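Everything on this sheet refers to the single structure shown next.
The values are calculated or read from the model by the stated rules, or taken from the named source; none is laboratory data. Owing to the predicted nature of the structure, the values given are computational and were not obtained by experimental measurement. Neighbour counts run over all protein chains shown; Cβ positions are idealised from the backbone, glycine included. What goes into the accessible areas is simple: the full protein's heavy atoms, side chains included, and nothing from ligands, DNA or RNA. Shrake-Rupley method; radii C 1.70, N 1.55, O 1.52, S 1.80 Å.
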Amino acid sequence: GENVEQHPSTLSVQEGDSAVIKCTYSDSASNYFPWYKQELGKGPQLIIDIRSNVGEKKDQRIAVTLNKTAKHFSLHITETQPEDSAVYFCAASSGYSTLTFGKGTMLLVSP
Amino acid sequence: ETGVTQSPTHLIKTRGQQVTLRCSSQSGHNTVSWYQQALGQGPQFIFQYYREEENGRGNFPPRFSGLQFPNYSSELNVNALELDDSALYLCASSIQGVLNTEAFFGQGTRLTVV
């Protein structure tokens with residue numbers, strides 16, 4: 001089955017800096033890669049996703065890149081703000097909404 | 001906020017007991033997936049329900065079972081609870097039949113087994 005590795009497990013940045021979280025996947029059939037943000041006591045919130053026919057996608061301060069050959073994808077957050085502090089999860093799916101998640105990255109943005 | 005709601009939000013059960021968790025899917029969504037999230041870990045896929053039938057299952061024993069109702073809401077049942085079943089249980093709703101459709105999560109049910 002699919003295996004998703006996520007790094008780093010924790011990431012501390014200063015407000016205004018950029019943050020990058022990286023994931024690798026094992027199943028070449030995976031073709032959908034969402035990213036979720038989870039705040040304490042809440043369920044995961046979809047923040048951006050990318051499909052295998054696209055190499056990069058951007059939404060304001062958030063961008064995701066995908067390298068299908070290397071089987072890795074990354075989340076980029078620019079101009080970080082304290083409210084970006086949360087746990088971020090990458091996931092992979094080969095279709096029909098069954099997601100395999102990474103172990104998560106705790107992002108801490110200090111003012 | 002997604003339109004996915006789960007109940008109850010918190011639950012404490014004794015080892016060996018049975019528990020039922022409930023999920024209402026987002027309007028327009030016909031598929032519900034259940035995930036278990038242990039502390040400090042990513043969610044793990046339990047199973048998915050579509051058209052009131054199980055439509056895929058992760059590596060969980062048969063004492064984890066579910067139902068989906070005609071209005072697309074769903075229940076997760078766990079029998080013979082073990083201490084390791086303590087976790088956040090999440091449901092996610094999506095649209096079956098559409099490849100790579102987004103999945104939206106509820107706020108979860110925190111289950112503690114003592």
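Quick notes on this one:
- Where A:Leu40 falls short, out of the listed (1) over 15 Å from the mean Cα position of the chain (by Cα); (2) modelled with pLDDT of 95 or more: (2)
- Only listed residue being touching a residue at least 24 places away in the same chain (Cβ under 8 Å), facing chain B (nearest Cβ under 9 Å) and surrounded by fewer than 13 Cβ atoms within 10 Å (Cβ to Cβ), chosen from A:Gly1, A:Gly16, A:Gly104: A:Gly1
- Members of the range A:56-93 found to be polar (S, T, N, Q) and in contact with a strand residue (DSSP E or B) (Cβ under 8 Å, 6 or more places away or on another chain), listed by number: A:Thr65, A:Asn67, A:Ser74, A:Thr78, A:Thr80, A:Gln81, A:Ser85, A:Ser93
- Sole residue being open to solvent by 60 Å² or more (accessible area, probe 1.4 Å) and in contact (Cβ under 8 Å) with a residue 60 or more places away in the chain, chosen from B:Gly40, B:Gly106, B:Gly3, B:Gly28: B:Gly28
- Looking only at residues in the range A:33-71 that are among the hydroxyl-bearing types (Ser, Thr, Tyr) and out of contact with any Gly (no Cβ under 7 Å at 6 or more places or on another chain), the one that is surrounded by the most Cβ atoms within 10 Å (Cβ to Cβ) is A:Tyr36.
- For the range B:79-98, the criterion of being more than 9 Å from every other protein chain (Cβ to nearest Cβ), open to solvent by less than 20 Å² (accessible area, probe 1.4 Å) and among the charged types (D, E, K, R) is met by at least one residue.
- Of A:Ser74, A:Ser30, A:Ser85, all but one fail to be surrounded by 16 or more Cβ atoms within 10 Å (Cβ to Cβ) and within 13 Å of chain B (Cβ to nearest Cβ); the exception is A:Ser30.
- A search for C-beta distances below 7 Å between a residue of the range A:36-64 that is at the interface with another protein chain (Cβ under 8 Å from one of its Cβ atoms) and within 21 Å of B:Pro43 (Cα to Cα) and any residue that is open to solvent by 30 Å² or more (accessible area, probe 1.4 Å) and part of a loop (DSSP other than H, G, I, E, B), counting only pairs 6+ apart in sequence or on different chains, returns A:Lys42/B:Gln107; A:Gly43/B:Gln107; A:Leu46/B:Glu102; A:Asp49/B:Glu102; A:Arg51/A:Asn31.
- Any strands (runs of 3 or more DSSP E) falling wholly within the range B:27-114 and containing at least 1 residues that are within 10 Å of the chain's Cα centre (by Cα): B:31-37, B:44-50, B:64-68, B:74-78, B:87-94, B:109-113
- When each of B:Glu52, B:Glu75 is tested for being in contact with a Gly (Cβ under 9 Å, 6 or more places away or on another chain) and more than 13 Å from chain A (Cβ to nearest Cβ), the lone residue that passes is B:Glu75.
- Residue match in the range B:7-15 (condition: in a strand (DSSP E or B), modelled with pLDDT of 95 or more, open to solvent by less than 30 Å² (accessible area, probe 1.4 Å) and more than 8 Å from chain A (Cβ to nearest Cβ)): no
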